[in-house]
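Note sheet for the following structure.
Values in this text are rule-based calculations from the coordinates and carry no lab data. Predicted model only: the values in this text are computed from it and were never measured. Here the Cβ positions follow ideal geometry from the backbone for every residue, glycine too, while neighbour counts run over all protein chains shown.
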Amino acid sequence: MDYFEYTGHLHIHSTFSDGEGSVSRIAAAAREAGLDFVGITDHNTLAAREAGLEGWHGGVLVLVGTEVNISKNHYIAFDVNTSIPPDDENPCNVIAAVREQGGFGYLAHPVEKSNPAFMGGRHFPWDCWEESGYSGLEIWNFGSLWRSAYTRCWQACLWYYLDPYYS
């Protein structure tokens with residue numbers, strides 16, 4: 001039996017919500033980084049799929065899902081055909097709506113911590129742990145790690161300035 005290893009990232013926002021890159025730019029960056037697949041999970045929209053952007057882009061498979069909810073209890077959903085209505089206070093409704101469409105999902109940045117140096121301390125944790133029906137949870141999120149690691153604005157600015165990716 002042959003075994004294969006595939007590497008990817010399943011929580012990326014594009015310009016269809018609050019991301020800074022187009023889907024084609026994200027796919028090109030993924031290819032350059034050696035990834036096999038990416039999941040475009042814009043907030044409360046499947047616009048990338050509606051624009052016909054799901055599929056292969058130069059050797060990188062682009063999957064389109066959505067990150068549902070607004071202020072907390074964010075849920076990443078894949079294999080859904082229509083957008084899921086946000087329901088921050090009752091995430092069980094979101095999970096049920098995803099499952100009704102035959103989709104699956106996982107908790108996004110469930111243990112994210114607040115940092116007053118970023119977005120006025122806004123953060124997006126999961127606070128409804130009694131819910132079930134989700135398929136997994138995100139165990140590492142770069143944005144959450146970055147925000148929680150730098151408690152002072154000058155640290156974040158210095159890191160941003162010194163990082164070769166942004167230089």
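The ranking of Leu35, Leu46 by Cβ neighbour count inside 10 Å, starting from the fewest, reads Leu35, Leu46. With the charge dipole of region 26-90 set up from +1 on Lys and Arg Cβ and -1 on Asp and Glu Cβ about the Cα centre, the Cα lying farthest toward the positive end among the listed residues Ala28, Gly65, Leu53 is that of Ala28. Taking other Cβ atoms within 10 Å as a rough exposure proxy, Thr66, Thr7 sort from fewest to most as Thr7, Thr66. Provide, for q = 0.18 Å⁻¹, the log10 of I(q)/I(0) from a solvent-free Debye sum over equal Cα point scatterers in region 1-64. After summing over all Cα pairs, the log10 values are -0.57.
The charge dipole of region 1-135, taken about its Cα centre with unit charges on the Cβ of Lys, Arg, Asp and Glu (plus for the first two, minus for the last two), comes to roughly 260 debye.
Label separation (Glu100 vs Arg31): 4.0 nm, computed from points 7 Å beyond Cα along the C-beta direction.
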